[in-house]
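For reference, the structure is listed below as structure tokens.
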Amino acid sequence: KGSTHVCAYIQVRETGLPSCSNVKPGGHGGHNINYEAMQVLNPVKSVGIAFATYVIQSTSHKTVLPIISSNRKYSKMSKLRGADRLKGTEKNVWVEFGKLAVDYKALNLGQGFPDFKPPQHVIDKMVHAVDGSENALLSQYTRSYGHPRLVNVLAKLYSPLTGQTLDPMNNITVSVGAYGVLFCAVQGLVNPGDEVVIVEPYFDCYEPMVKVAGATPKYVPIRPIKKEGVLSSDDWKLDPVELESKFSAKTKAIMINNPNNPVGKVFKKEELEMIAGLCKKYDCICISDEVYEWMIYDDNKHIKIASLPGMWERTITLGSAGKTFSATGWKLGWGVGPDHLIKPMQILHQNCIYTCPTPIQEAVAEGLEYELSVQDNKEECYLTSLALELKPKRDALAKSLVEIGMIPTIPEGGYFMMADISKLNIDIPDDGTKDPYDFKFVRWLCKEKRLSVIPPSAFYNQEHKNLGEKFVRFCFIKNDNGIAATGRVQRRHVRS
């Protein structure tokens, strides 16, 4: 009757089965069952449990028997299933395309991680924290909301940038990457029934985090205002009227990414002032994801929205050790803000993560202490020298893209580049999905040309995916050989 059941054993009732030829006697309850004719139809997986329907066939007709396990049925009404709030958040672009890149041994210019080591002085600090220090406590739990040495140096780093004298214990919280801090911010500050404005394109976890919190996301895109030729990320603009139309009395927060991933836009002061004015008018929080804050190019200036008048008390600023020190696998991030916003995040953190690895926090703290000591030397200070190293990579990638007919958006910040693929006129075979064109193009590019990039429509909500599907996203925080190889791969293959 439409139910499916987990198979633990076959239970046959005394209802009498049709006689079968080529049977093996015995069976269950003394019945003769044609086991060789038993077929498994449409096995599927859901929430880690395998489900199947079995058919027992006879020479005269087919009998479908329900298979039950230990007298327990797993139906749609069962309690043995995942939480309803997770529905609609299952798909993850990184899982699919990360696996695809590995399966096809593709040159990976998709995912945002370097293919070179962090700065040596930070590696040395990590080794010392694990094996060189006489302090045995560096291998034990540390303070839940952030290792004392780390939050103290973060307070020194961010006080002048925010225009505040930060209390390291109450204005900063540390979690497992900026991802973890973002989760603590959304879950700790947003209530069911609230609305959250999300600026598109957005990092793809923003939307599911808001939905899992029981809130309703409201989306507003930045759009390119220039229609021809190579673009700058400054050519992508928010419409002030459209932006305000997303605010209401229900708005609890707005989420922005500055510099933006994937566009690379660095918001100008007047743009931030427009956002700040709406935050104050509608009395809402600004969650400002600023993990690419140190990668700024061409004399652009990164301004923290928390530093604007009236914004400190309503802003959470996110930072990342992984992005700052090119060590994404270290998974350490922080949130900076007023104590009335930080405290709920700390409560959430203590009840899901509790604390982060002590040696990593110690190494990052010592690394930042060193950076502060050399911050006047742009070539020695990694906070500024990384951007100097990345700018030629950015320009080399843009040149290669133009040569093969793509139209790049030159980023002012971050280490991603959007490229318009609409002029390539490549006939992509149907892959059997209803996904946007950029998804299909990226699958084809990886499988056929061994080049892995990311489809940026993943960073838009369902209604606006058309705004991203004529682009792909490249990552240029790669060694020079990787960037050069990309150019050769593209010139040799993509035109085909």
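The values are calculated or read from the model by the stated rules, or taken from the named source; none is laboratory data. All values derive from a computational prediction rather than experimental measurement. Note: ideal-geometry Cβ built from the backbone for every residue, glycine included; neighbour counts use all protein chains shown. Surface accessibility is based on the protein's heavy atoms, side chains included, excluding ligands, DNA and RNA. Shrake-Rupley method; radii C 1.70, N 1.55, O 1.52, S 1.80 Å.
Observations
- Of the residues making up the stretch 151-181, those that are aliphatic (A, V, I, L, M) and either touching a Cys at 6+ places or on another chain (Cβ under 9 Å) or in a loop (DSSP other than H, G, I, E, B) (or both) are L166, M169, V174, V176.
- Considering residues of the stretch 96-155 that are outside the structural domain of R473 (by the TED database) and small (G, A, S) only, the residue nearest to G333 (Cα to Cα): G146
Residue-by-condition table, conditions (1) assigned to a loop (DSSP other than H, G, I, E, B); (2) within 16 Å of P221 (Cα to Cα); (3) in contact with a Pro (Cβ under 7 Å, 6 or more places away or on another chain):
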residue	(1), (2), (3)
A419	no, no, yes
S422	yes, no, no
I426	yes, no, no
T433	yes, no, no
D438	no, no, yes
C446	no, no, no
E463	no, yes, no
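- Going through (1) more than 22 Å from the chain's Cα centre (by Cα); (2) part of a loop (DSSP other than H, G, I, E, B); (3) crowded, with 21+ Cβ neighbours inside 10 Å one by one, E371 falls short only on (2).
- Options Y202, Y179; residue that is modelled with pLDDT of 95 or more, surrounded by 20 or more Cβ atoms within 10 Å (Cβ to Cβ) and in contact with a strand residue (DSSP E or B) (Cβ under 8 Å, 6 or more places away or on another chain): Y202
- Candidate set from the stretch 410-449 (those that are exposed (fewer than 15 other Cβ atoms within 10 Å of the Cβ) and on the phi > 0 side of the Ramachandran plot); member that is modelled with the highest pLDDT: G432
- The set of residues in the stretch 452-461 being in a strand (DSSP E or B) and either under 15 Å from the mean Cα position of the chain (by Cα) or modelled with pLDDT under 90 (or both) consists of I454 alone.
- For first residues located in the stretch 323-345 and open to solvent by 10 Å² or more (accessible area, probe 1.4 Å), partners that are at pLDDT below 95 and lie 6+ apart or on another chain with Cβ distances below 7 Å form the pairs T328/F113.
- Residue check, G193 in contact with a Ser or Thr (Cβ under 9 Å, 6 or more places away or on another chain), surrounded by fewer than 23 Cβ atoms within 10 Å (Cβ to Cβ) and assigned to a loop (DSSP other than H, G, I, E, B): yes
- Total residues in the stretch 378-408, condition over 30 Å from E228 (Cβ atoms) and open to solvent by less than 70 Å² (accessible area, probe 1.4 Å): 6
- Number of the condition not met by M406 [criteria: (1) of a type in the set (A, V, I, L, M); (2) at pLDDT 95 or above; (3) farther than 26 Å from S320 by Cα]: (2)
- In the stretch 243-259, the count of residues that are farther than 26 Å from I410 by Cα, touching a Leu at 6+ places or on another chain (Cβ under 6 Å) and open to solvent by less than 50 Å² (accessible area, probe 1.4 Å) is one or more.
- Selection from the stretch 268-290 of residues that are open to solvent by 10 Å² or more (accessible area, probe 1.4 Å) and part of a loop (DSSP other than H, G, I, E, B): K268, Y282, D283
- When A101, A129, A83 are checked against the criterion of being at pLDDT 90 or above, of a type in the set (A, V, I, L, M, F, W, C) and over 13 Å from E362 (Cβ atoms), A83 stands alone in meeting it.
- Among the candidates E379, E403, E362, E412, the residue that is in the same structural domain as N260 (by the TED database) and farther than 17 Å from V453 by Cα is uniquely E362.
- Residue count for the stretch 134-168 satisfying the condition of being open to solvent by less than 70 Å² (accessible area, probe 1.4 Å), in contact with a helix residue (DSSP H, G or I) (Cβ under 8 Å, 6 or more places away or on another chain) and free of Cβ contacts under 8 Å to residues at least 40 places away in the same chain: 1.
- Any chance K265 is among the basic types (K, R) and crowded, with 19+ Cβ neighbours inside 10 Å: yes
- Subset of the stretch 331-353 [assigned to a loop (DSSP other than H, G, I, E, B) and at pLDDT 95 or above]: K331, L332, G337, P338, N351
- Of all residues in the stretch 237-256, those that are closer than 23 Å to P208 by Cβ have Cβ atoms under 7 Å from Cβ atoms of residues that are of a type in the set (S, T, Y) and buried (at least 22 other Cβ atoms within 10 Å of the Cβ), 6 or more apart or on another chain, in M255/Y202; M255/Y206; I256/S288.
- Pairing residues of the stretch 290-310 that are not assigned by the TED database to the domain that holds I275 with residues that are buried (at least 18 other Cβ atoms within 10 Å of the Cβ) and assigned to a loop (DSSP other than H, G, I, E, B), at Cβ distances under 6 Å and at least 6 apart in sequence or on separate chains, gives no pairs at all.
- Matching residues in the stretch 374-417 - criterion: being acidic (D, E) and either in contact with a strand residue (DSSP E or B) (Cβ under 7 Å, 6 or more places away or on another chain) or assigned to a loop (DSSP other than H, G, I, E, B) (or both): D376, E379, E380, E412
- Pairs with Cβ under 6 Å, 6+ apart, first in the stretch 370-385 and closer than 20 Å to L150 by Cα and of a type in the set (F, W, Y), second part of a loop (DSSP other than H, G, I, E, B) and open to solvent by 80 Å² or more (accessible area, probe 1.4 Å): none
Listed here are the residues, each with its yes/no results for (1) more than 28 Å from Y297 (Cα to Cα); (2) assigned to a loop (DSSP other than H, G, I, E, B); (3) under 22 Å from the mean Cα position of the chain (by Cα).
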| residue | (1), (2), (3) |
| --- | --- |
| G146 | yes, yes, no |
| R149 | yes, no, no |
| F203 | no, yes, yes |
| P208 | yes, no, yes |
